[in-house]
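Okay, structure first, notes after.
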Amino acid sequence: MEYRFNEIEKKWQDQWKANKVYKVSNESAKPKYYVLDMFPYPSGAGLHVGHPLGYIASDIYSRYKRLKGFNVLHPMGFDSFGLPAEQYALETGQHPADTTEKNIATFKSQLNKIGFCYDWDREVRTSDPQYYKWTQWIFLQLFNSYFCNTEKKALPIVLLIKKYETKGAMPKTGEAIPGKHFTAAEWKGYSKKQQEDILMKRRLAFCAYGEVNWCAALGTVLANDEVVNGVSERGGHPVEKRKMRQWYLRITAYADRLLEGLEKVEFSDSMKEMQRNWIGKSQGAEMDFAIKNSAEKLRVYTTRPDTIFGVDFMVVAPEHELVNKITTADQKEEIEKYLGYVKSRSERERIAEVKQITGCFTGAYAINTFNGKEIPIWIGEYVLAGYGTGAIMAVPCGDQRDFAFAKHFNIPITNIIGNHFNGADANATKEAVLENSGFLNGFLMKDAINIAVNKIEELGIGIRKINYRMRDAGFSRQRYWGEPFPIIWSDGIAIPLDAAELALELPHVDKYGPGPEGEGPLANIDEWTNLPGDARRETSTMPGYAGSSWYFLRYMDPHNITTFCDRKASDYWNQVDIYIGGTEHAVGHLLYSRLWTKILFDLGYIGYEEPFKKLVNQGMIQGSSRFVYRLKMSILFREDYDFFKENNVDVFISDNIRLNFLKDPVNFKFLPYLKTKFPDLDYSYFEGIPNSVEISPDLMIPLHVDVKMVDGFELDQDAFKKWRSEFENAILITDVDGKFICKGDVEKMSKSKFNTENPNDLVDKYGADTFRMYEMFLGPVEMSKPWDTKGIEGVHRFLRKLWRLFNDELKGKIWTEDKATDAELKIVHRTIKKIEEDTEKFSFNTAVSAFMICINDLFDVKCHKKEVLEKILILLVPYAPHIAEELWHQLGNDGSILDAKYPEFNPALLVESSKEYPISINGKVRANIKLALDLDQAAVEQIVLQNEVIQKWLEGKAPKKIIYVKNKMVNVVI
RNA sequence: GCCCAUGUGGCGGAAUUGGUAGACGCAGCAGACUCAAAAUCUGCCAUUCGCAAGGGUGUGAAGGUUCGAUUCCUUUCGUGGGCACCA
């Protein structure tokens, strides 16, 4: 009888389904354990081989915990709102709800094929109105709450209103500032709109103005992902910054608690570090500088007030409100020009490209209070409006970016750190003794920080201030496929829907294009958007992370129609015991879900404020991507830009030609090259373009193409033209042999990169058990690796070999009921120990190899005994459940192996009395000697020195020292 | 650029707290079985010098600490991920 994995896996999957073996109850005498995967976005490409890496790991762990006697919750669902479905809708006209439904069906069938132990009765989908009803409900809780700075927690906004009505909002000390403080009487005198505007500034979910990527040509706001090299990915249109009203979550209020919470969770240090860096807490001072000939003051934030005497210039963010006010007449034109340039730059480009130094002098000067020095005020793109005060004091001797800026614009540099500054590079030390620093002279910098802040406060020109790099989280998208906001606008006031009116369902649309003025598609649906009177619905939708910020709670009580999750259920399942997912979510999703959990905790809806007790990061299975290079039309073919645009013509070049360019980009003339190399091409498109047009590397934009259209590196040109409507008329400039070669690269596997691989093919060929074990065998779960199927045969051979311990092709059943020998038991118990340890620490690759070693050993001793094999099968259940169940039944067992009792390891069987010690001379192993484990140093030295090989190396000399580490090694130093 | 991770044979990778580098597997080579193939089994398999015995070198690179470093420290290079509207 041979190992027919297809039949076996089908048989048991059907049986398990029929018997509902994965059904999980909220009531059990067993201890609970909650194993959670980051749920997938159901992309149109289907599940790819990268997804199961984490899912297999969590499935193994869940099954292991179950065998160990836990009531295990291990659910799965779908993060089914998102941009890709909408983009697909734009391209094909299919409704996102339909494509999403279809994609989920594909995902589920793929997941089931691999044999995961999910309780599908608990499935959640973020795009299901029954689910997003509660996402909207939680949004309302956020909207109706504020962060109380005294209690450091969220409280219902009605309490704040009550406070305003009774006490107003007056400063604890000092004078009330008009516009900021008010009495109860004043509050009552405010109009409804005025009151609401004040409250909006405190709500946890609030509206404010923020910048978006605006693409005028497409009439829409673009995601960062849709902007490539400063132009839109679709069509290559220019993109610029534009201010729009947006929703935000006040995550900054929780910055400290998010930091403190990290102490209580088991995340890897690097993960915690990433979150800490994202939050970016810094201590420093905020101070005001007078501006020469102006009543305005420039407020800067600095973490290094000790360097105040080294300030040689100020840099203000180009968006800073002061820029208009202080720019002098003769600098106006230049500043305007610079502002135009900055508008086209993404934030990333602005901070990343340090080699390219840009800036512009405003003509204004700030006055350094401490020495009266006049400090030129510049604007520069490396200063961002969103961080600190949007203005910095630049100390070129101490900060590299300031230094580069000063050098570039020939601003004289003041040295305040003596010979710590070499004139060639800035030195950010805190250990230098200050010079040229007035009252700070002679102080060590790190001590001077405090002295400087005290002085600043004493003079009343500034305050000690803690700052966070983190900004409030943008929470609205000008898109269709997301949760609608349960908000109606009337007279400029946001009115929340009543909870009873939820879910506010997404209306059906026929067109997915943007609404007027960059609003989302919902703005196009008059009857939905415009309500009686002046009332108008919010037309933005929530971002992708809304639904994923609380889904782990819904799994606990997925069908509840009266609340998002019954308190009894959330108390029972409590925190997620182990959460498995990729590091790419290190800051986004993980911070947001931690925030939501804290808020729900503050408001008393759940009993814990950290959602995930322990986090395991799975690595990424990388894909092998293919690119084509598009020539940037707008620049290269200026004269004929309109023609190309109207006719929807894009030009792509084969990678070989591109490489030719790169060899000599200066002298390479594009058109002459083409005409000599490809005399037969139709050049009518290029008529009128001067031959001298040059192409530089940055005029060639890489574009992912579907790896399925590429054979090795050669593009299927017809398939490419049919791939997207906009490529229908594309000109493909091929190599001389007519082949179009793509560039290859290894990167994240994702639909948007068109480099996904489907696990189904492998499951069909080798079976789910082989696939599961192979993915684990690839390497440590937390490590990233490019996808490769090279080693899968080995894992498959292992399972077949296991099978042959039970069955012989000719003889049939060969297992016996004989009593196991000590040697056989030793193999089993060594394996139990190893598998248990490895499973506990998520070292699944070494566990798989331990299984292999075990089976090889059992083969060597020709062991076919039920007593031995049975234990191995139970160990194997988490890894290869189908074959384990099948063989379990072949051994004559009745019940399912899924609920067997995990074998216990007996240490007595593994005790050794001696060990083969490596004996080194000066750290190099020269001999091996078997020594009893209970020997002392003197006895070991004696034996070792008598050894022939050691004597040879000693050449008659006495050793300087002999190091003996029990159970490890012996080192003879000569 | 900044933050985080990572770098070991032809390949994936292994190596408690610093203690025999290369487990396990893939590929490759040689052989057995077979009319043949598949399957299976046996042996070899970092590199270099050597007939061999045995030696030298070797964990991205360069230094350092140590009796001993893949492991700890410093510097540096490459790669992957994230950088706020992809999920």
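Restricting region A:469-566 to GluC sites (Glu not before Pro) that sit in a DSSP loop and have at most 16 other Cβ atoms within 10 Å of their own Cβ leaves A:Glu505.
Assuming charge only on the beta carbon of Lys and Arg (+1) and of Asp and Glu (-1), the dipole of chain A about its Cα centre is about 2380 debye to the nearest 20.
Working note: Karplus 6.51/-1.76/1.60 with θ = phi - 60° gives region A:251-260 the couplings 6, 4, 5, 9, 3, 5, 5, 5, 5, 4 Hz, where Gly and Pro are set to x. Restriction of the GluC sites (Glu not before Pro) in region A:428-474 to DSSP coil positions whose beta-carbon has at most 13 other beta-carbons within 10 angstrom yields A:Glu431. On full extension, the segment bounded by A:Lys446 and A:Arg245 gains 68.1 nm, given 0.36 nm per residue less the C-alpha separation. From least to most packed, judged by other beta carbons within 10 angstrom and beginning with the fewest, A:Trp596, A:Trp528, A:Trp815 follow the order A:Trp528, A:Trp815, A:Trp596. Under the combined filter of DSSP loop state and at most 13 neighbouring Cβ atoms within 10 Å, region A:895-949 retains these trypsin sites (Lys or Arg not before Pro): A:Lys901. Our estimate of slack between A:Lys11 and A:Ala958, defined as 0.36 nm per intervening residue step minus the Cα-Cα distance, is 333.8 nm. Judged by the gyration tensor of its Cα atoms, with axes a ≥ b ≥ c, region A:912-973 is prolate; a/c meets the 1.5 cut and a/b is the larger of a/b and b/c. One chain, two ends: A:Tyr190 and A:Lys901. Fully extended at 0.36 nm per residue, the span grows by 249.0 nm beyond their Cα-Cα distance. Computed from the C-beta positions of A:Ala29 and A:Ile853 and an R0 of 45 Å, the FRET efficiency is 0.75 to the nearest 0.05. Across chain A, the mean sequence separation of Cα contacts (distance under 8 Å, 6 or more residues apart), normalised by length, yields a relative contact order of 13 percent. Taking all C-alpha pairs of chain A, those more than 41 Å from each other amount to 55 percent. Only DSSP H runs of four or more residues enter the estimate; each adds -39500 (n - 2.57), and after division by the residues of chain A the mean residue ellipticity at 222 nm equals -10000 deg cm²/dmol.
Counting other Cβ atoms within 10 Å as a rough exposure proxy, the listed residues A:Lys598, A:Lys614, A:Lys465, A:Lys162 run A:Lys162, A:Lys614, A:Lys465, A:Lys598 from fewest neighbours to most. Contact order, relative form, for region A:282-467: 30 percent (alpha carbon pairs under 8 Å, 6 or more residues apart, mean separation divided by residue count). For region A:167-175, 3J(HN,Hα) computed residue by residue from phi via the Karplus equation (6.51, -1.76, 1.60; θ = phi - 60°) reads 10, x, 9, 10, x, 5, 10, x, 7 Hz, glycine and proline entered as x.
A short reminder: the numbers here are calculations on the coordinates, not readings from a lab. Note that this is a predicted model, so its numbers are computed, not measured. Every residue, glycine among them, receives a Cβ derived from its backbone with ideal geometry; neighbour counts consider all protein chains shown.
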